[in-house]
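Here's the structure, in structure tokens; my notes come after.
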Amino acid sequence: LNALIVEDDDTTQTIIESIIAPKVGQVWKASTGLEAYELCEQFQMDIIVSDIYMPEMDGIEFLKMLKNLEQTPTTMIITGLPNQDILHNALRLGAFDFVLKPFEKVVLEKRISNLVQFAKLKKLENKIYLALSDLIETPSDSQSLDRHSKDIAIELMLQLLQLRFESSDLKKAS
């Protein structure tokens, strides 16, 4: 998974990176929404943790811009100002979750774990969709799907079921 941290405070950015880096493949960092969006245009981000109040482009405008991407990343918002209207707007625009500053590190760790788990599910569902689409598009004159393609589709579905099971366990533990 590829992750992007969008935070203008260096200390907060470092804390978030220390939590998310061991759970993903690569981490990018940006200080503004505009810088973050440019990174999203260059690289396929799976996860974004973003502040709301930043220079150049705030987190709400950034969420709106993410809708223009081919695949929308799973996003968590972090804010120091608990404005209900802004938080509802962020969730309406597709944010998966939010955390209020100041936060306890253990709370942020749990929320980021849930964010990563959901992003893994989303990515796996997309792989299954693509694999099944390829199977469906098999020419009608072929008598049966090849065994390897069936095995791949079944393996992907089993992985998805396992991740969903683990996710339901996470929700129960929360």
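The values are calculated or read from the model by the stated rules, or taken from the named source; none is laboratory data. These numbers were taken from a predicted model, which means no experiment stands behind them. Cβ placement follows ideal geometry from the backbone for every residue including glycine, while neighbour counts extend to all protein chains displayed. Calculation scope for accessible area: heavy atoms of the full protein, side chains included, ligands and nucleic acids excluded. Shrake-Rupley method; radii C 1.70, N 1.55, O 1.52, S 1.80 Å.
Quick check on my filter: what residues within region 45-61 are open to solvent by 10 Å² or more (accessible area, probe 1.4 Å), assigned to a loop (DSSP other than H, G, I, E, B) and modelled with pLDDT under 95?
TYR53, MET54, PRO55, GLU56, MET57, ASP58
When you look at LYS64, is it open to solvent by 50 Å² or more (accessible area, probe 1.4 Å), more than 16 Å from ASN89 (Cβ to Cβ), touching a residue at least 24 places away in the same chain (Cβ under 8 Å) and not in a loop (DSSP other than H, G, I, E, B), yes or no?
Against the criterion (open to solvent by 50 Å² or more (accessible area, probe 1.4 Å), more than 16 Å from ASN89 (Cβ to Cβ), touching a residue at least 24 places away in the same chain (Cβ under 8 Å) and not in a loop (DSSP other than H, G, I, E, B)), LYS64 does not qualify.
Within region 74-97, which residues are touching a strand residue (DSSP E or B) at 6+ places or on another chain (Cβ under 6 Å) and crowded, with 17+ Cβ neighbours inside 10 Å?
THR74, THR75, MET76, ILE77, ILE78, LEU87, ALA90, ALA95, PHE96, ASP97 - these are the residues of region 74-97 that are touching a strand residue (DSSP E or B) at 6+ places or on another chain (Cβ under 6 Å) and crowded, with 17+ Cβ neighbours inside 10 Å.
Can you tell which of GLN26, GLN42, GLN13, GLN71 is touching a strand residue (DSSP E or B) at 6+ places or on another chain (Cβ under 7 Å) and open to solvent by 70 Å² or more (accessible area, probe 1.4 Å)?
GLN26
Residues of region 98-141 being at pLDDT below 90, among the aliphatic types (A, V, I, L, M) and surrounded by 13 or more Cβ atoms within 10 Å (Cβ to Cβ), which ones?
Across region 98-141, the qualifying residues are LEU121, LEU124, ILE128, ALA131, LEU132, LEU135.
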